[in-house]
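Here's the structure, in C-alpha cells; my notes come after.
Quick note: the coordinates plus some simple rules give every number you see, no bench work behind them. Quick caveat, the model's predicted, so the values are computed rather than measured. No Cβ is skipped: glycine too gets one built from the backbone with ideal geometry, and neighbour counts run over all protein chains shown.
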Amino acid sequence: MKPDTEIDSLYSDLEKMSTREMLTNINAEDYKVAEVVRQQIPIIEKLVDAIVPKMKNGGRLFYIGAGTSGRIGVLDASECPPTFGVSHEMVIGIIAGGDTAIRKAVENAEDDAEQAWKDLQTFNITENDVVIGLAASGNTPYVVGGLQKAKENNLITGAIYCNSKGIMSEIADYSIELVVGPEFLTGSSRMKAGTSQKLVLNMISTSVMIKLGRVKGNKMVDMQLSNKKLVNRGAEMIVDELNIDIEKAAELLKKYGSVRQALAAYKNDNQ
C-alpha cells in the first residue's frame, strides 16, 4: 500500500493548466495544512513540555532527517541563535549525508539505518538531550534507526511525519502525524508535507525558547544584532519599553550589546 505521501495528486494534466490555475490549485492544497497541524496541538504541547525541563538541565534539542525533512530541521536549528541569542550547540540539526546534503542530494544517505546514531554520538549525547526525527514518509531508515537507538539509550524522542502508516509512530515517545493528503505534484513532499513540518518546528522551537525565558513580552530581546535592521529593531524595542528617545536607546544598545542587557542596566541605574 502506498504511503500517504505517494498517493496520486487530486489534479491531472498539470502541464495543460494556465499559470493562474496552477497557482490557485497549489494554494488550495496549502490551505489544508494549517488545519492538520491544529489537530496535532495536544501532542505538540506534550512534546514541548517534555523538552523544556531537559534543556533547563543543560540538555540540547536535536533534529534528525533526510532530504527536505533534514533541510527543514537544519533551517530551524540554524535560526535559533540569531533569533533567541542562544548557543549554536543548543538546537542542532543533523541531515543524512552531512552538510553537503543541505544543497545537494547525497546518494543512499537516507538508507543507512546506523548512521544517524553515529552522527548523534559525535555530540557526546546524553539522557538530558531530546531527539526529534523528521521524515515525510515516517519510514526513512536513517531517521527510524536514529530514533530507535535514542529510545534504547533513554532519550526523549519525538517524530514528525506525514504518513499514517509510518514506522516512526511505533518508536517515538511523542508522535506528530501530519497527514496532509496527496501533493499537487504527486510525491513531491517538499510541498504540503514540508510546509507542515516547518510549521510544527516553528511552534516547537519558539514555544521552548519562550518557556526558557528568551523572550520578553512579545519581543526578541536576546536576538543577535548582526545587521542594521536588527540594530534599529533593537533600539525601537528599548524606546517602547523605556519611553526614551531613539538616540539614547541606540547608545544603550551599543554599550550593552543586547536589548535585554540594555533594559536591565537602564532600570538598575534609574531605580
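So the values come out like this:
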read-out: Lys/Arg +1, Asp/Glu -1 at C-beta; the chain dipole; positive extreme among TYR142, ILE176, GLY58; value: GLY58
read-out: Stretch gain in nm, segment SER87-ASP8, where the contour uses 0.36 nm per residue and the Cα spacing is subtracted; value: 24.2 nm
read-out: Label point at LEU230 placed 7 Å out along Cα→Cβ; residues across region 74-108 whose backbone nitrogen lies under 13 Å; value: 78-88
read-out: Coordinate range along principal axes, alpha carbons of the chain, Å, largest first; value: 68, 51, 35
read-out: Helix 19-39 vs. the chain, principal-axis angle (Cα, 0 to 90°, nearest 10); value: 70
read-out: Given charges at beta-carbon only (K, R positive; D, E negative), |dipole| of the chain in Debye; value: 880
read-out: Nearest-20 debye value, region 160-271 charge dipole, Cβ charges on Lys, Arg, Asp, Glu; value: 200
read-out: Net charge, LYS165 excluded, C-beta distance under 12 Å - Lys, Arg +1, Asp, Glu -1; value: -3
read-out: Helical contribution to [θ] at 222 nm, DSSP H n ≥ 4, -39,500 (n - 2.57), averaged over the chain, rounded to 500; value: -16000 deg cm²/dmol
read-out: Equivalent ellipsoid dimensions for region 123-271 as semi-axes, Å, which come from the Cα gyration tensor, largest first; value: 42, 19, 11
read-out: From the C-alpha gyration tensor of region 50-184, square roots of 5λ in Å; value: 21, 17, 15
read-out: Shape category assigned to region 209-271 from the gyration tensor of Cα positions, a/c cut at 1.5; value: oblate
read-out: C-alpha center-to-center spacing [region 48-82, region 146-212] in angstrom; value: 12
read-out: Alpha carbon centroid spacing (whole Å) that separates region 214-233 from region 113-130; value: 32
